[in-house]
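All remarks here apply to the structure that follows.
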Amino acid sequence: MTTVLILAVLILVAIAIWQMTKIFELSQLRTDSSEIANDSDNKTNGYLLFAFLIFIYGITIFSFWKYGKLLLPEAASAHGGEYDYLMVVSMGIIFFVQTITQGLLHYFGYRYRGEEGKKALFYADNDRLEFIWTIIPVIVLSGLILWGLYTWTNIMDVNDEDDPLIVELYGQQFNWTARYGGEDNVLGQANVRMIDIDKANVLGLDESDTYAADDVIVRELHLPVGRKVNFKIRSQDVLHSAYMPHFRAQMNAVPGMITEFSFTPITTTEEMRQKQEIIDKVKRTNEIRKERAANGEDNSDPWEFDYILLCNKICGKSHYNMQMRIIVEPQKDYEAWMAEQKTFKETVMGDDSQPAMNVVETASIGQ
Ligand SMILES: [Cu+2]
């Protein structure tokens, strides 16, 4: 009832304002009713163009200052540096060209604004000018595209050189599971049709495949630093996307097929935590979390930096929370961790109803 009353009052107030405006308009004596812009109008618009130019330059500088720190930290994979360099050069060129063209565009709008008696020059074409403004973008864009293609081909070349570690990433609504090939570094055959919940065979491994017996299934990904990793990516249900932002890696997880991505981690989690930009980020985040804690809100425990695997396809209502911690560590730490993990044979193939996989303490993972 109150809502209806408030609405009625608002409508009546709006009608009253409308009526008053009409009365005000009628009471004004129009001295100049012309719809054609005069010199003064044009001048005002010319100045407004300058004001808008200052606004877009200002908001650009403000965004860099305010949000620049939200960009990803230095890449932690071997290919990431080149990827970032390509990105920075592309953005630099775009930024440079847009700053100049916007400046010129608005300046010319102001400089050649309409004036009484001024006539525009009829200028049909100029071959040299057209050649210049065609050839420069052609050269710059061809350079960027060729460089981009070369980089892309290098990054996407998944091969078995240099003895890569083979890891499967398995996406489902709404979590990630990882599987290592075990001692032999070969993944056993798997298929969603072989998923057996009763036996906790959640990834659908083929129990008759000898390669599957020593596979290690985990919910926290450990990678030895400096060793190439070949990821084999599967999805159980819908399209997901395995996204590891700190390693500049992303690949769709497509039901019914195995997609691949390969990279070499070059910075351990510990080394990353020591970097100044990460220390600052952690500090900023924890200040926010402290405020949240004071207000009794969720996500308020102190955060520590971790690499992370996310899903980057909107795959359902808990998509935002589909994540897995990644730990990059020295070879010996990796081996020690791996030695503690149980194999598929130990966890599933027996009839003693062991847990599905190596269970990890799930501490809070956050960005
Ligand atoms: Cu997903």
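Data table
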| item | result |
| --- | --- |
| Filter result for the condition that a residue is exposed (fewer than 14 other Cβ atoms within 10 Å of the Cβ) and either within 16 Å of the ligand (Cβ to nearest atom) or of a type in the set (A, V, I, L, M, F, W, C) (or both), over LYS290, LYS313, LYS283, LYS317 | LYS317 |
| Count of residues meeting criterion [buried (at least 24 other Cβ atoms within 10 Å of the Cβ) and away from the ligand (no atom under 12 Å from the Cβ)] in segment 227-245 | 3 |
| Condition broken by ASN191, with the remaining ones in (1) under 15 Å from MET324 (Cα atoms); (2) surrounded by fewer than 17 Cβ atoms within 10 Å (Cβ to Cβ) satisfied | (1) |
| Hits in segment 246-266 (condition: away from the ligand (no atom under 12 Å from the Cβ), open to solvent by 50 Å² or more (accessible area, probe 1.4 Å) and farther than 19 Å from GLU82 by Cβ) | GLY256, MET257, ILE258, GLU260 |
| Some residue of segment 65-88 being assigned to a helix (DSSP H, G or I), of a type in the set (Asp, Glu) and surrounded by 11 or more Cβ atoms within 10 Å (Cβ to Cβ) | yes |
| Flag if LEU129 is touching a helix residue (DSSP H, G or I) at 6+ places or on another chain (Cβ under 8 Å) and either outside any loop (DSSP other than H, G, I, E, B) or open to solvent by less than 100 Å² (accessible area, probe 1.4 Å) (or both) | no |
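The values are calculated or read from the model by the stated rules, or taken from the named source; none is laboratory data. What you are looking at is a predicted structure, and each value in this text was computed from that prediction instead of being measured. All Cβ positions, even for glycine, are placed from backbone atoms using ideal geometry, and neighbour counts span all protein chains on display. Note: areas computed on protein heavy atoms with side chains; ligands, DNA, RNA excluded. Shrake-Rupley method; radii C 1.70, N 1.55, O 1.52, S 1.80 Å.
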